[in-house]
Amino acid sequence: MLSFSIVPYCSIDFIHCNLSKVDVYAIQVDNETFAKVIDGKRVAKDIREEIAVEISKMKEEVGIVPGLAVILVGDRKDSATYVRNKKKACDSVGINSFEVRLAEDSTEEEVLNHISKFNDDPSVHGILVQLPLPSHMNEQNVLNAVCIEKDVDGFHPLNIGRLAMRGREPLFVPCTPKGCIELLHRYDIPIKGKRAVVIGRSNIVGMPAALLLQREDATVSIVHSRTKNPEEITRQADIIIAAVGQPNMVRGSWVKPGAVLIDVGINPVEDPESARGYRLVGDICYEEASKVASAITPVPGGVGPMTIAMLLSNTLLSAKRIHNLR
Ligand code: NDP
């Protein structure tokens, strides 16, 4: 029979956290300790409810409804699914969504024309170009064309530049890294003075995640594909954010006891037992790492739901800023 108890994780000082009256404790089963699960699905749901309430008030009091425009080029199935999910999420909180679908062989000029129209449209507060774009288009030109005030993805170089500079504030922070930090905040996990390691340095996740942690006064190291002995670096971390795209790369032995683990990776791996023939796993080997860490995000159900919640939050933020609302 399993013996089951909840124990405070004593090896670090910051894991006794509070999320809507749920204390964060490691769980002990038969003398094995398991990390507390950081429930991104639940946090994202809370955030969406908060956003829906604000939007409904805004509509009632000043008659403004936030609007998000999405441009999808080509017929990649994964991109179409992401766009569909974003539209559904907008509908669920009361954000108007506008969608433009263009054929794979459309010209860059066509995309730029649509961006320009949305830039000038007062009912649109956020513009998102679904990536990746077809290879004949210059992604940089396209992302630069989105006006910075409507750059809810936070990918415009001016927004990233401001994020990187001391004393400057970006108008928007990219959604996935923002979601990672929001999870740490909502679970009351201190960042200031902690050692953080970000694995991956992409423009959309790893690099902005490292900048955000640094802005929160963590001491940050970045591990990338050319890093030698990455496990020596990750073993020093109080917080690890993994955004690599390599299934189960971070093993239990890479993790300092009591560390907090945020897993951004979404990797399909073959699974004959699943009806789809595959299942999704993260960049962190959950089975091993959850026995060493004090808190961990699952995949799926961790960072993924937070990304869309942050997109909705950025769109609301944009509408409030454009209309000078508090
Ligand atoms: P990219 O491919 O753009 O970047 C991957 C990064 O990982 C690069 O910086 C690369 O290093 C680094 N890397 C690759 N292999 C290794 C290795 N063996 N050791 C250390 N570092 C390595 O990916 P993204 O940042 O776009 O995405 C990362 C993961 O996050 C993917 O699984 C993606 O599906 C997922 N994702 C999840 C989201 C969500 O909402 N949950 C949103 C966005 C992405 P280098 O720079 O040296 O090449």
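The values are calculated or read from the model by the stated rules, or taken from the named source; none is laboratory data. Here the structure is a predicted model, which is why all the values come from computation and not from measurement. In this analysis, Cβ positions are derived from the backbone assuming ideal geometry, glycine residues included, and neighbour counts consider all displayed protein chains. Ligands, DNA and RNA are excluded from the accessible area calculation, which covers all protein heavy atoms including side chains. Shrake-Rupley method; radii C 1.70, N 1.55, O 1.52, S 1.80 Å.
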Open item on the list: Given the criterion surrounded by 19 or more Cβ atoms within 10 Å (Cβ to Cβ) and over 30 Å from K41 (Cα atoms), identify the matching residue among I127, I160, I115.
Closed with: I115
Open item on the list: Checking L261 against (1) under 13 Å from E288 (Cβ atoms); (2) open to solvent by less than 30 Å² (accessible area, probe 1.4 Å); (3) more than 16 Å from the ligand (Cβ to nearest atom): exactly one of these is not met. Which one?
Closed with: (3)
Task: Odd one out for V205, checked against (1) surrounded by fewer than 16 Cβ atoms within 10 Å (Cβ to Cβ); (2) closer than 19 Å to G302 by Cα - done: (1)
Task: Hits in region 163-178 (condition: touching a Lys or Arg at 6+ places or on another chain (Cβ under 9 Å) and open to solvent by 30 Å² or more (accessible area, probe 1.4 Å)) - done: R166, R168, E169, L171
Task: Where S225 falls short, out of the listed (1) within 12 Å of the ligand (Cβ to nearest atom); (2) over 24 Å from D78 (Cβ atoms); (3) of a type in the set (S, T, N, Q) - done: (2)
Task: Some residue of region 97-110 being part of a loop (DSSP other than H, G, I, E, B), within 23 Å of A309 (Cα to Cα), touching a helix residue (DSSP H, G or I) at 6+ places or on another chain (Cβ under 6 Å) and of a type in the set (S, T, N, Q) - done: no
Open item on the list: For a quick check of your reading of the model, give me the residue pairs whose first member lies in region 135-147 and is closer than 25 Å to H125 by Cβ, whose second is part of a helix (DSSP H, G or I) and open to solvent by less than 70 Å² (accessible area, probe 1.4 Å), with beta-carbon atoms closer than 6 Å and at least 6 apart or on different chains.
Closed with: M137/E108; V142/V111; A145/L112; A145/I115; V146/I115; C147/N119
Task: So V303, is it over 27 Å from E169 (Cα atoms) and either open to solvent by less than 30 Å² (accessible area, probe 1.4 Å) or touching a residue at least 12 places away in the same chain (Cβ under 8 Å) (or both) - done: no
- [ ] Identify the single condition in (1) farther than 24 Å from V53 by Cα; (2) in a loop (DSSP other than H, G, I, E, B); (3) among the small types (G, A, S) that S116 does not satisfy, given that it satisfies every other one.
- [x] (2)
- [ ] Search region 215-227 for residues that are touching a residue at least 12 places away in the same chain (Cβ under 8 Å) and pair each with any residue that is more than 8 Å from the ligand (Cβ to nearest atom) and part of a loop (DSSP other than H, G, I, E, B) when their beta-carbon atoms are under 6 Å apart and the residues are at least 6 apart or on different chains.
- [x] E216/I191; D217/K192; A218/I191; A218/K194
Open item on the list: Looking only at residues that are out of contact with any Asp or Glu (no Cβ under 8 Å at 6 or more places or on another chain), within 16 Å of the ligand (Cβ to nearest atom) and not in a helix (DSSP H, G or I) in region 283-321, which one is nearest to Q28 (Cα to Cα)?
Closed with: C285
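Here's the yes/no breakdown for (1) open to solvent by 60 Å² or more (accessible area, probe 1.4 Å); (2) of a type in the set (D, E, K, R); (3) more than 16 Å from V37 (Cβ to Cβ):
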residue	(1), (2), (3)
L212	no, no, yes
T219	yes, no, yes
K228	yes, yes, yes
E273	yes, yes, yes
V292	no, no, no
I296	no, no, no
TODO: With respect to A69, determine if the residue is surrounded by 15 or more Cβ atoms within 10 Å (Cβ to Cβ) and part of a helix (DSSP H, G or I).
DONE: no
TODO: Hey, can you tell me all the residues within region 72-96 that are in contact with a Gly (Cβ under 8 Å, 6 or more places away or on another chain) and either closer than 19 Å to A44 by Cα or part of a helix (DSSP H, G or I) (or both)?
DONE: I95
Task: Those residues of region 271-282 which are within 16 Å of the ligand (Cβ to nearest atom) and more than 23 Å from R42 (Cβ to Cβ), in sequence order - done: Y278
Task: Qualifying residues in region 239-254 (those that are within 12 Å of the ligand (Cβ to nearest atom) and surrounded by fewer than 24 Cβ atoms within 10 Å (Cβ to Cβ)) - the one nearest to G206 (Cα to Cα) - done: G245
